[in-house]
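Some notes on the structure that comes next.
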Amino acid sequence: MSLSKGLYVILIASFLVLVCAYGLQAVQRAQRMARVTRCASNLRALWQTQLQYQAWVCPYGPLSPKRGHEFWHQWKRVHPSANDFDCPLSEEGRRIGLSYRGPCRDANRLKPDDPVGADREGNHGPGQGGNVLLKSGDVREASESDPLWVRARETTMD
Ligand SMILES: [Zn+2]
């Protein structure tokens, strides 16, 4: 093999390695985005279940007085698919059955734009923030430096 032919083979091999690495990164980014979306959908579903259950058990009554993850864990007993309501990005959350923080004070006193639920710290990776559920039912993804994530730390707890 001549020197120029050897260089050509090395160039082609390097190009293929770069293309594969870029493709793998793109696939990993797409998988992560899908999991973040599923997590947001889980939080929305938990909130809707809470509202429906509250309307069924006690129409026009107050929301559950439970705090933190207990606010959500009551569905483990009454909702058949409650085990699907875990953050798909959190191995630890699924292992210990505690993926989401709930309100740290009476949810009835919170305003519509106050966070009533959120990912636990580290669910989406160290220092990554996570999804925040507002009392209005909206879910927003927030980075750790986002003021919404900071507020979620004040109004929700494990
Ligand atoms: Zn999550």
Note to self: Tally up the residues in segment 4-45 that are closer than 30 Å to Ser136 by Cα and either of a type in the set (Ser, Thr, Tyr) or without any contact (Cβ under 8 Å) to a residue 40 or more places away in the chain (or both), please.
What the structure shows: 7
Next item on the list: Check segment 103-115 and report whether any residue there is within 16 Å of the ligand (Cβ to nearest atom), surrounded by fewer than 24 Cβ atoms within 10 Å (Cβ to Cβ) and modelled with pLDDT under 95.
Entry: no
Next item on the list: Would you point out the residue of segment 57-84, among those that are within 18 Å of the chain's Cα centre (by Cα) and at pLDDT 75 or above, that is surrounded by the most Cβ atoms within 10 Å (Cβ to Cβ)?
Entry: Trp72
Next item on the list: Taking only segment 32-56 into account, find how many residues are touching a Phe, Trp or Tyr at 6+ places or on another chain (Cβ under 7 Å) and surrounded by 19 or more Cβ atoms within 10 Å (Cβ to Cβ).
Entry: 3
Check: Can you tell me how many residues in segment 100-134 are touching a residue at least 40 places away in the same chain (Cβ under 8 Å) and not aliphatic (A, V, I, L, M)?
Finding: 16
Checklist line | Residue list for segment 1-35, restricted to those being within 43 Å of the chain's Cα centre (by Cα), among the polar types (S, T, N, Q) and farther than 28 Å from His124 by Cβ | finding: Ser14
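The values are calculated or read from the model by the stated rules, or taken from the named source; none is laboratory data. Since the structure is predicted, the reported quantities are computational estimates derived from the model, not experimental observations. When we count neighbours, we look across all protein chains shown, and the Cβ atoms used for this are built from the backbone with ideal geometry, even at glycine.
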